[in-house]
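Since the structure comes first, as structure tokens, the remarks are kept for the end.
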Amino acid sequence: MDKRRRRTRLRLQAALRSLLAEKPLAEISVDALTRAAGVTRPTFYSNYTDLTAMLDEYLTGLLAEMARRHSAIIDDPERGTPEMLARIVEQALIDIDRSDPRLHTLLNGVTHLTPETRFAEMVEQMMDQCDPIDRPFASEAARRLHPHFFTGAFVGMLRFWVTRPDGIDAKMMAAAFTQFGTSGRFGATDPLPGMPSP
């Protein structure tokens, strides 16, 4: 992509982020977006088909960055351990801008976008890269369910994380996720130590 096109897309993405901070996606028109970005409608349509395509580009970039950071640590000697899972989740939470309204919009649901499916594809690739054990699954469906289970848990945790719970930092959230993910509901005795009960 040439520099001019990249700059235009960055302006459009910045305008979308700004507008989403004020109103929901359904109330944002292409005209309002192009005015905020200082570009013309033809310029918008030469870059995107619609606003959903912009959110898809944002999601693609977010997942690519998470996958890139994960691939940098797959040679870690602790790979496949709960400690490494906690580090991966903590880094993912640190990397995510939880105040970005585009993320909130995606987590609230966007027609024709399925972030959970896209996350699951990334998680499946990460599991294949970092699990040193060739796990025997009874079926292909069972093997594919594994990353979807963790994706559902991660996206659920992410929805909680973006609400900015007081007193819970990325390290604590990652430790809680790891404890639930490796020990299950009954093994996670105090997933958020030091937090007051509701």
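The values are calculated or read from the model by the stated rules, or taken from the named source; none is laboratory data. Since we're looking at a predicted model, the values are computed, not measured. Don't worry about glycine lacking a Cβ; one is built from the backbone with ideal geometry, like all the others, and counts go over all protein chains shown. Just the protein is used for accessible areas: all its heavy atoms, side chains included, with ligands, DNA and RNA removed. Shrake-Rupley method; radii C 1.70, N 1.55, O 1.52, S 1.80 Å.
Observations on the structure shown:
- Cα centroids of the range 5-59 and the range 93-118: 16 Å apart.
- Furthest towards positive pole of dipole, Val30, Leu12, Ala53, structure part the range 2-70, Cβ charges: Leu12
- The share of accessible area on the range 1-51 that comes from carbon and sulfur is 50 percent, using a 1.4 angstrom probe.
- Between Asp50 and Gln125, the modelled label-to-label distance comes to 2.6 nm, taking each label 7 Å out from Cα in the direction of the beta carbon.
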